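Enquirer: I'd like to ask some things about the structure below.
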Amino acid sequence: MNGTLHVLIVEDSDRDLDLIVRELQQAGYTLQFERVQTAEDMAAALRLQRWDLVISDHSLPQFSASGALEVLQGSGLDIPFLLVSGKIGEERAVDLMKAGANDYVSKLNLARLIPVIERELRDSAGRQERLRVEAELAKLNAERERMLNQRSTLLDINNAVIATLDRTSLFQAIFAAVRRTLPCSGLLLTLRDKEKSALQTVALTEASVGEALDSRPGSGFAGNTLHHGPSEWVFENRTLLVRSDLTAGLEIAGEEFMYARGTRSYVSAPLATKGEPFGVLTLASETPGALASQDADFFGRVCGQVSLALDNMLSYEQIARLTARLERENAYLAEEIKAEHNFEEMVGSSPKFQALRDRIQLVAPTDATVLVTGETGTGKELVARALHSCSLRKDKPLVKINCAAISAGLVESELFGHVKGAFTGALDRRVGRFEFADGGTLFLDEVGELPLDTQVKLLRVLQEHEFEAVGSNRTIRVDVRVIAATNRHLEEAVREGRFRADLFFRLNVVPIEMPPLRERRSDIPALVSSIIGNYSRQYGRRIESIAEETMERLMAYDWPGNIRELQNVLARAVVLTAGPVLRLGGELLPSGPRSVSTAPAEPAARLAAVSPPPARTDPNLQEVERQHVLEVLSKTHWVIEGQRGAAVLLGLHPNTLRSRMKKLGIERPHPTNV
């Protein structure tokens with residue numbers, strides 16, 4: 001007999017289930033099994049019982065082997081997964097095994113099932129035994145390391161005290177050092193405010209624990225002790241307090257609040273200088289028994305060192321505040337710059353925009369030279385960034401140069417660099433953009449403005465991948481992918497002799513034409529929603545909806561300046577809008593030109609009708625986004641992932657789209673049962 005085998009079987013056929021069960025029983029197993037046919041039933045079964053093996057058919061009416069494999073992997077359980085099917089192709093079986101299935105057995109050859117099961121059970125048992133041994137070794141090593149760390153932690157804290165003057169950095173260093181020895185999840189410093197005669201929390205690590213210990217800094221001793229709790233008790237009694245298991249009972253005022261926030265054990269000790277207490281240091285853990293009495297002596301010595309550090313550090317408080325303020329301002333400016341550079345986010349689902357996205361995805365992984373053409377303001381640089389970020393060169397630099405913004409005399413120096421003394425003013429060696437972009441991508445914006453003599457050198461780089469810096473005879477070899485862009489008709493420039501024909505053909509390996517905004521009007525609502533959201537954050541406005549007539553005007557206008565013009569119009573509108581409803585005055589947007597054949601009154605009407613109250617006429621921004629997502633989902637038949645899925649059309653990661661759908665209250669409609 002082989003013993004009892006607990007098997008979870010994903011199967012809808014009674015006949016096939018009986019065949020599998022009979023095969024296992026004939027092999028001598030005492031079988032305990034459960035059949036499931038949906039993801040919910042399988043997830044519940046995995047939670048409620050331990051299983052030795054999962055056997056799954058390939059396709060069920062409401063489930064599949066790939067879905068079963070995802071449920072198993074999502075549970076985190078290490079259980080062998082076998083695919084048993086009669087109608088699955090070899091490629092599908094291989095794909096499932098690549099995804100994590102252990103093996104595949106055909107129902108036409110069930111005799112192979114038992115050897116496969118025995119092998120997988122042996123392997124699983126071996127893994128479990130290794131994990132057990134590794135866990136025991138880890139436990140022993142952890143105990144030994146704990147003892148060694150306790151000897152070195154005080155030295156590390158002392159080094160941190162010497163090297164650190166600002167409070168935040170000091171306590172982060174102390175927390176990192178103490179955590180190696182004491183299994184704490186949060187550190188809290190509470191100091192006495194002499195002017196207010198109050199305790200105030202001034203530093204913490206892991207706010208979820210720190211706030212639980214003292215959430216109302218500055219409330220004073222006469223305030224509600226529920227919130228000061230242990231900090232006030234330790235300060236007043238001038239004694240160390242160890243509470244190893246709050247689940248056994250709450251004794252100190254304020255522990256109710258701590259317990260509700262997840263704290264299960266803590267140790268707290270006074271900080272003092274020259275015999276006078278000035279604060280309290282507390283370590284907290286979310287695990288009962290993690291901090292216990294044996295830690296008290298070590299923690300007391302830690303507090304002694306911290307007290308000395310704080311006594312020396314208080315004189316630097318003003319510097320610390322100014323430094324923190326500067327860091328916040330820098331972080332804010334960085335986010336503003338990032339937001340500004342991402343205003344032209346690729347948003348849209350129109351046929352022309354989808355064709356553009358498909359072309360980018362097809363071309364990006366190659367090293368083919370690309371020529372991006374289109375009117376000004378259509379987002380040609382955005383295409384260059386998309387091509388680079390989706391290529392194998394994405395970890396290398398994307399270097400950009402605007403050929404129209406550089407004088408003819410300096411353009412060669414910008415592209416190829418120069419050596420010291422190459423010309424008047426060349427006081428040092430300069431590295432050119434091609435050399436900077438080695439291994440990455442070079443984006444030549446407005447390439448039609450290059451002088452003819454520079455075009456010759458550019459052609460050579462494209463053909464030979466080498467060049468010489470200005471004033472040098474040393475050849476530099478580079479591996480650079482070139483993406484060029486222009487808003488001019490280069491064919492006409494070639495005919496007029498202003499642009500070399502051979503260079504044009506070298507650049508025009510893969511042409512990508514940016515559609516003007518007037519040819520993708522159905523994308524305007526999504527673009528408006530995205531741009532207004534960015535500008536609202538940037539300018540501190542709260543725009544909640546868009547006037548219906550405003551959306552109609554935006555949809556009808558021909559936008560000769562394309563997305564850039566749309567951004568400028570919306571930026572002015574956001575700045576000049578006083579209330580929550582965005583409206584365009586006559587001075588912000590011309591009344592024409594209009595395109596009679598494509599002026600779409602229907603989308604604006606649809607936007608105004610997205611689940612509003614009967615009296616509402618202005619679509620909420622969230623309603624605009626919801627309707628747009630619903631339209632794309634409907635177009636893709638509610639397929640989210642894949643080349644033709646809604647996530648690709650919307651330019652989002654599938655998980656991001658799912659989160660957005662949940663936020664917007666979008667659920668897939670259930671099919672009607674016939």
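The values are calculated or read from the model by the stated rules, or taken from the named source; none is laboratory data. Bear in mind the structure is a predicted one, so any value in this text is a computation, not a measurement. Counting neighbours? That spans all protein chains shown, and the Cβs are built from the backbone with ideal geometry, glycine included.
Enquirer: For the range 68-101, which residues satisfy the criterion of being within 24 Å of residue 15 (Cα to Cα) and surrounded by fewer than 17 Cβ atoms within 10 Å (Cβ to Cβ)?
Expert: 86, 87, 89, 90
Enquirer: Another question, then. Confirm whether residue 520 is surrounded by fewer than 19 Cβ atoms within 10 Å (Cβ to Cβ), in contact with a Gly (Cβ under 8 Å, 6 or more places away or on another chain) and modelled with pLDDT under 95.
Expert: no
Enquirer: Pairs please, first residue from the range 386-410 and more than 17 Å from residue 368 (Cα to Cα) and at pLDDT 85 or above, second anywhere and of a type in the set (Lys, Arg) and buried (at least 18 other Cβ atoms within 10 Å of the Cβ), Cβ atoms under 6 Å, 6+ apart in sequence or on different chains.
Expert: That search, which allows pairs on different chains as well, returns 401/433.
Enquirer: Oh, and also: Residue by residue through the range 2-30, note down the ones that are within 25 Å of residue 77 (Cα to Cα), among the charged types (D, E, K, R) and surrounded by 17 or more Cβ atoms within 10 Å (Cβ to Cβ).
Expert: 11
Enquirer: In the range 663-674, is there at least one residue being in a loop (DSSP other than H, G, I, E, B), at pLDDT 65 or above, touching a Gly at 6+ places or on another chain (Cβ under 7 Å) and farther than 26 Å from residue 551 by Cβ?
Expert: No, the conditions are met nowhere in the range 663-674.
Enquirer: With the structure loaded, tell me whether residue 237 is more than 13 Å from residue 188 (Cβ to Cβ), modelled with pLDDT under 85 and assigned by TED's automatic domain parsing to the domain that holds residue 190 or whether it fails that test.
Expert: Considered against the rule, which asks whether it is more than 13 Å from residue 188 (Cβ to Cβ), modelled with pLDDT under 85 and assigned by TED's automatic domain parsing to the domain that holds residue 190, residue 237 comes out as no.
Enquirer: Same structure again: Check the range 480-489 and report whether any residue there is in contact with a Gly (Cβ under 7 Å, 6 or more places away or on another chain), modelled with pLDDT of 90 or more and small (Gly, Ala, Ser).
Expert: No: zero hits.
Enquirer: Only residues that are over 17 Å from residue 184 (Cα atoms), in contact (Cβ under 8 Å) with a residue 12 or more places away in the chain and hydrophobic (A, V, I, L, M, F, W, C): list them for the range 249-266, please.
Expert: Selection gives 252, 253, 257, 260.
Enquirer: I've got another one for you. Look through the range 166-201, keep the residues that are assigned to a strand (DSSP E or B) and surrounded by 21 or more Cβ atoms within 10 Å (Cβ to Cβ), and return whichever of them is modelled with the lowest pLDDT.
Expert: 201
Enquirer: Which condition does residue 33 not pass, out of (1) surrounded by 15 or more Cβ atoms within 10 Å (Cβ to Cβ); (2) modelled with pLDDT under 90; (3) touching a strand residue (DSSP E or B) at 6+ places or on another chain (Cβ under 8 Å), if it passes all the others?
Expert: Failing condition for residue 33: (2).
Enquirer: Go through (1) free of Cβ contacts under 8 Å to residues at least 12 places away in the same chain; (2) in contact with a Phe, Trp or Tyr (Cβ under 8 Å, 6 or more places away or on another chain) for residue 574 and report which single condition fails.
Expert: (1)
Enquirer: Shifting gears a bit: Just to check your reading of the model, which residue among 284, 290, 269, 296 is outside any helix (DSSP H, G or I), modelled with pLDDT of 80 or more and farther than 22 Å from residue 199 by Cα?
Expert: 290
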